[in-house]
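Data block below; observations after.
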Amino acid sequence: MSPKVTSNSPVIAIDGPTASGKGTVAQKVAEHLGYHYLDSGALYRLVGLASFKKGISTASEQELAPIAKELNVIFQGDRIILDGEDVSDQIRQEEMGKRASEVAIHPMVRQALVARQHAFRQKPGLVADGRDMASAIFTDAVTKVYLTASAEARAERRYKQLIAKGFSANIQVLLQDLRDRDERDANRSNSPLKAVEGAHHLDTTSMTIEEAVNQILKWHQVN
Ligand code: DC
């Protein structure tokens, strides 16, 4: 698949494993620059949720592809509306993260989401977060970042996020779950999670959000 360039607006691509903090960091970078923001993981989570509601298995590529293509979704600030229902919290649940990772292995599902992701590229620029932003969707991104953190730090962050949202959580289960997800995301044959050549590596294990944001802004200024 060779994605077409949809506009000349600059893109900052931030890829990395689950719960690495890239969502928060990417949103802050976007705010700082006045850029648009794409949370590509939310699209896969939406496919996970929409198919769950219809009783469709994450193994059924043929049935999942039309769901991905026809997602009736509106991004309203930090709220995500699917078929008129606010699903912002539902898609953040661990079960939907797992389903997202499972539906994301299918080439037809990924293909069905390409145009939707390109549509976020608008003036004055875009910060896109995901797994394949630099390697597949925005290969001409001016700034490419591979953001990670240790599995333990990520499990702890995810634990705190879930508790803050009022969900129950177990840190050992979360750690195992994110290791499984890393394994699936990095080893699938279609657009696996990987750092592309030329990407800046940012390990945020012992960094604050502000430090990570400032580092990315510095890299972007140089470009
Ligand atoms: O970033 P996240 O945890 O919300 O992503 C959920 C899942 O979606 C992730 O485990 C794999 C998939 N995903 C993907 O395959 N490609 C992307 N660009 C973003 C997410």
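The values are calculated or read from the model by the stated rules, or taken from the named source; none is laboratory data. Predicted model, so just to flag it, every value in this text is computed and none were measured. Virtual Cβ from ideal backbone geometry, glycine too; neighbours counted across all protein chains shown. Side chains are part of the model used for accessible areas, which takes the heavy atoms of the whole protein and leaves out ligands, DNA and RNA. Shrake-Rupley method; radii C 1.70, N 1.55, O 1.52, S 1.80 Å.
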Fill in the blank from the handout: Working note, region 40-125: Cα radius of gyration (Å, one decimal) and Dmax (Å, whole number) are 12.4, 40
Handout entry: the chain - percent of accessible surface contributed by carbon and sulfur, probe 1.4 Å
Key = 50
Fill in the blank from the handout: Highest mean packing first, using Cβ neighbours within 10 angstrom, the peptides 202-212, 23-33 sort as 23-33, 202-212
Handout entry: Shape call, region 98-223: gyration tensor on alpha carbons, a/c limit 1.5
Key = oblate
Exercise for the section: Select from the chain the helices, each a whole stretch of DSSP H, whose alpha-carbon atoms run 18 Å or more along the helix axis and whose Kyte-Doolittle mean is at least 0.0; answer none if there are none. Expected result: 40-53
Handout entry: region 85-223 - percent relative contact order, Cα under 8 Å, separation 6 or more
Key = 31
Handout entry: Other-chain or far-sequence residues with amide H under 5 Å of D203's (modelled H)
Key = T148
Exercise for the section: Evaluate the Debye formula for region 137-185 with equal point scatterers sitting on the alpha carbons, no solvent, and hand back log10 of I(q)/I(0) at q = 0.22, 0.23, 0.25 Å⁻¹, in q order, two decimals. Expected result: -0.80, -0.83, -0.90
Completion exercise
Taking the convex hull of the alpha-carbon atoms of region 152-223 and averaging its shadow over every direction gives an area in square nanometres of 6.5
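Ignoring ligands, DNA and RNA, what accessible area per residue does region 167-215 give at 1.4 Å, in Å²?
Per residue, region 167-215 has an accessible area of 61 Å².
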Completion exercise
Kirkwood calc, the chain, C-alpha pairs only, radius in angstrom 17.6
Fill in the blank from the handout: Residue-normalised value, i.e. accessible area per residue, for region 121-160 at 1.4 Å probe, in Å², stands at 35
Practice task
Over all alpha-carbon pairs in region 58-102, figure out the percentage whose distance exceeds 18 Å.
Solution key: 37
Fill in the blank from the handout: Which residues qualify? For V127, with a placed amide H closer than 5 Å and at least 5 residues away or on another chain, they are I12, H36, Y37, L38
Practice task
Could you list which residues have their amide H under 5 Å from that of S88, counting only those 5 or more apart in sequence or on another chain, with H placed in the peptide plane?
Solution key: I80
